[in-house]
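This report refers to the structure that appears directly beneath it.
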């Protein structure tokens with residue numbers, strides 16, 4: 001999913017595939033985490049595991065994702081790649097397991113973010129969710 005409009009300093013973005021127009025205003029001091037606002041990412045944290053979504057807010061205390069889902073089991077689409085970084089580059093293969101999509105999730109703990117390619121994000125969000133068994 002590619003943004004239709006993007007600004008960096010006062011982050012404003014409109015997703016082309018979105019029915020609604022959303023604005024995210026950045027009013028704080030720029031940080032490494034805040035530079036990821038508006039980007040599609042994979043977030044890895046100790047308690048929340050691996051999640052994929054679009055960053056709404058990010059700072060040293062946590063990250064808020066929108067239109068996101070948890071990745072329970074992952075295999076990169078490209079078999080020559082590995083780990084979730086491989087997923088960020090190529091997407092998920094059919095044996096991967098993901099949750100349904102939720103509109104918003106806040107992760108309040110130490111985390112890392114990896115930017116996801118547009119094709120990989122479409123793969124992650126397009127995979128059929130798995131039911132718990």
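A short reminder: the numbers here are calculations on the coordinates, not readings from a lab. All values derive from a computational prediction rather than experimental measurement.
Once the chain from residue 115 to residue 95 is taken as fully extended at 0.36 nm per residue, the excess over their C-alpha distance is 5.0 nm. Fully extending the segment from residue 32 to residue 72 would add 11.7 nm, taking 0.36 nm per residue of separation and subtracting the current Cα-Cα distance.
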